[in-house]
Amino acid sequence: MPLLHGPLPDRVRSVHILGIGGSAMAAFAGMLKDAGYAVTGSDTGVYPPMSDYLASLGIDVMIGYNAENLAHQPDLVVVGNVIRADYAEAQALLASSLTWASMPQLLGARFLESRHSIVCAGTHGKTTTTALIAQLIDAAGKDPGFLIGGLAKNFDRTARTGTGPHFVVEGDEYDTAFFDKGPKFLHYRPKTAILTSVEFDHADIYTDLDHVKQSFRRLVAIMPNDGCIVARWDHDNVRDVCLEATCEVRRYGEGQSWDGRIENVDTERGIQTFVVLRDGNLWGRFQSVLVGEHNLYNQVAGVAALEREGFTPEALVPGFLGFTGVKRRQEVIGEPRHITVLDDFAHHPTAVKVTLEALRLRFGKRRLWTIFEPRSATSRRKVFQDAYAEAFGAADVVIVAGAHDQSRIADAERFDAAELVQALRARGQEAFSYGSVEEIVGVVAANALPWDVVAVLSNGGFGGLHGKLLGAIEASRPS
């Protein structure tokens, strides 16, 4: 029988995780290990750095989702959302008397019941905002627990239990498990919720924007009366989903009660100074590596949430100064021949737009190349075909790769790289499309010049393009 709600039974001593090789699941396995549970897991394959991390914890990983993986009769089985019901191990679980739960269910039942849960949700910005708030609390000496959907450079893992009163968790709107199609964030027992944005995304599970809004309205509806929603109030969709909130709503964004202002950007070091205003009055002045208007407001949201928890500007300054960012968020991965190569996770057109605008602010008039891989479930579909033509406006040169694996998408619904290139050229931009990673690497390595900036945008591995590009640019160095 599945574990649905309530506290984790005292009898649970051993936990088995289906899908343990993913970064979030491996980090969660570490939390369970730290909490004293015996942990095993299964996956189709586990690779560095996750394989090294799990080995360092002494966690045995079974390769393949086989029925015999459950022969040791664990007290509880955690099912990752990559697991399909037709897997042999899932079928064996359903036929057994074992107790099972999703990762979000167990996180809520075991780690969030007695904590002040700060849930960072929204279509964009939630990973960065989660990592930042965790860092701000940590630098203030309060030892938060956290679960971050990316690799925050300030921490050696993406999840930890912590001993302080706060737990900061990335509130993903994606579905929970094959037996629970509701969004993950409904399990996170929020006492503070941050809503950065609400847009259509995840076209594989949501039908349209209204469907997405339904999920965020459900998050608003579970907020306790003494809780707080920190909402980007200059975004229409965020306002819309918050209209029936019964708790306090702190409004941030341009012209709102909590607002911010960029004072200057150091284009050499990639640092911005910003101020946070409350009701038009200066509340605090900070310095950060997070550059761009979208990051300005992510930071304002963190301040608005933590001020309510008693944090002063003086207590937050060290956290902002010490924050080193999140991997794959405007991350500089190399500078061969004085060509700056960055890796970024952006794939939704809004994320692409604000990321490139932030890079333009950060790097000034340096020539900006953008290499884009349509890889996510939404970007491989034509739903945003026209929106992408607007999104790349800040780039000087755009290279669009062929979409990743469209075999399960009807021809009429597929994103078309050549069509996007034509639209960009019609707007006066240099734009190209190539069918292979090797072609892209060769073209960029041969044509990029010292002091150019090359931003690689993909939510996946992009066929190893990042490393190949760095190597090819270095190899083209004049002898």
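The values are calculated or read from the model by the stated rules, or taken from the named source; none is laboratory data. None of these values were measured; they are calculated from a predicted model. Neighbour counts are summed over all protein chains in view; Cβ atoms, including those assigned to glycine, are modelled from backbone coordinates with ideal geometry.
Summary of values
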read-out: Strands (runs of 3 or more DSSP E) enclosed by segment 139-235 - at least 2 residues per element that are under 15 Å from the mean Cα position of the chain (by Cα); value: 145-147, 166-171, 192-195
read-out: Evaluation of L296 against (1) surrounded by fewer than 19 Cβ atoms within 10 Å (Cβ to Cβ); (2) of a type in the set (A, V, I, L, M, F, W, C); (3) closer than 24 Å to V352 by Cβ (one fails), failing number; value: (1)
read-out: Qualifying helices (runs of 4 or more DSSP H) (wholly inside segment 5-101; at least 1 residues being over 25 Å from G145 (Cβ atoms) and not aromatic (F, W, Y)); value: 88-95
read-out: Selection count, segment 90-104, where residues are polar (S, T, N, Q) and either under 26 Å from the mean Cα position of the chain (by Cα) or crowded, with 23+ Cβ neighbours inside 10 Å (or both); value: 1
read-out: Restricting segment 439-466 to residues that are more than 24 Å from K365 (Cβ to Cβ) and surrounded by fewer than 14 Cβ atoms within 10 Å (Cβ to Cβ), the residue that is farthest from the chain's Cα centre (by Cα); value: G464
read-out: Checklist (1) modelled with pLDDT under 90; (2) within 30 Å of T273 (Cβ to Cβ); (3) touching a Lys or Arg at 6+ places or on another chain (Cβ under 8 Å); (4) not aliphatic (A, V, I, L, M) applied to E413, failing item; value: (2)
read-out: Qualifying residues in segment 105-134 (those that are more than 25 Å from H235 (Cβ to Cβ) and in a helix (DSSP H, G or I)) - the one nearest to the chain's Cα centre (by Cα); value: L107
read-out: Qualifying residue in segment 108-117 (condition: free of Cβ contacts under 8 Å to residues at least 24 places away in the same chain and either among the aromatic types (F, W, Y) or more than 17 Å from V39 (Cα to Cα) (or both)); value: yes
read-out: Extreme residue, nearest to Y47 (Cα to Cα), among residues of segment 71-89 that are among the hydrophobic types (A, V, I, L, M, F, W, C) and surrounded by 21 or more Cβ atoms within 10 Å (Cβ to Cβ); value: I83
